[in-house]
1. Determine the distance separating the Cα centre of segment 46-111 from the Cα centre of segment 194-220; give it in Å without decimals.
2. Taking the Cβ of each residue in Met80, Met87 as the centre, tally the other Cβ atoms inside 10 Å and list the residues starting with the fewest.
3. If I model a spin label as a point 7 Å beyond the Cα along the Cα-Cβ vector, how far apart are those points for Ala74 and Asn203 in nm?
4. Could you calculate the FRET efficiency of Ala223 with Ser66 from 1/(1 + (r/R0)^6), where r is the beta carbon distance between them and R0 is 35 Å, rounded to 0.05?
5. Cut-off is 10 Å between beta-carbons; in what order do Leu158, Leu210, Leu226 appear when sorted fewest neighbours first?
6. So what J values fall out for segment 140-145 if you push phi through Karplus, 6.51 cos²θ - 1.76 cosθ + 1.60 with θ = phi - 60°, rounded to Hz, Gly and Pro as x?
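Each value in this text was obtained by applying a stated rule to the coordinates, not by laboratory testing. Computed from a prediction, not measured in an experiment: that's the story for all the values here. Cβ: placed from backbone, ideal geometry, glycine included. Neighbour counts: every protein chain shown.
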Amino acid sequence: MIQVNDFRFRRVTYSVTRFTISAIFCLMLPAPHLWGQSSVGEVTQAIELHYNRLGTLSIDFRQTLSFGGASRPAESGTVMLYRPQRMRWDYREPKGKLLVGDGQRLYQYNPYTNQVRTILLDQSVDLRAPLSFLLGRLDFSRQFKNLRFETIGGKRALVGMLSLRQESYTTVEFYFEPAQVYRLSSIRAHGQDESVTDFVFSNERTNPRLDEKLFTFEAPAGAEILPETALSDNL
């Protein structure tokens with residue numbers, strides 16, 4: 001993660017980390033030809049049914065962040081999920097960046113500072129949006145309000161507002177491509193601090209065989225291990 005001295009940008013960095021943890025887990029929508037016929041309830045139920053039953057997932061991503069007219073360099077890589085509570089984000093850009101979740105803790109390695117940040121998960125936090133996407137506990141009716149379909153920039157999207165005020169972002173847009181039936185092509189999240197985080201997805205592979213060892217974190221030699229914090233401390 002690129003170090004930025006400005007306080008507001010550091011807050012955005014924390015917001016991006018939390019959104020990164022979660023944003024990848026709403027990746028499938030009903031077939032394009034059904035959008036004009038299906039209700040919001042039918043669409044959200046279909047997403048919940050798929051993701052709450054999914055065993056493993058691997059998908060490529062490209063992540064960008066803009067804030068106050070300024071943009072951070074894009075980040076990209078591959079995320080692998082091993083339900084119910086494990087994940088691994090391997091970054092190609094920036095090279096060497098790594099995020100691993102073993103179900104109890106999240107470990108984030110920053111290659112620029114050679115530091116490991118550890119976040120402790122607790123049941124009071126990990127059941128709420130957006131982390132429930134990861135855990136297979138997605139519940140649109142509880143986690144979002146004012147769910148609706150909108151056409152934004154010429155594209156049809158499922159749009160929802162976060163129900164909990166303590167979340168770092170307020171509104172999420174889920175986009176799909178007609179050629180990719182049932183797959184979400186991108187997600188856009190609007191932060192309370194006016195930041196905008198975008199994810200673009202490709203090369204989705206559902207239920208691939210994944211080695212469980214991938215979800216055990218090992219700190220690189222010589223890395224500094226920062227004091228452990230609770231996820232609630234970063235919200």
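1. Using only Cα atoms, the two centres lie 4 Å from each other.
2. Met80, Met87
3. 1.4
4. 0.70
5. Leu226, Leu210, Leu158
6. Values per residue, Gly and Pro as x: 4, 5, 8, 8, 10, 10 Hz.
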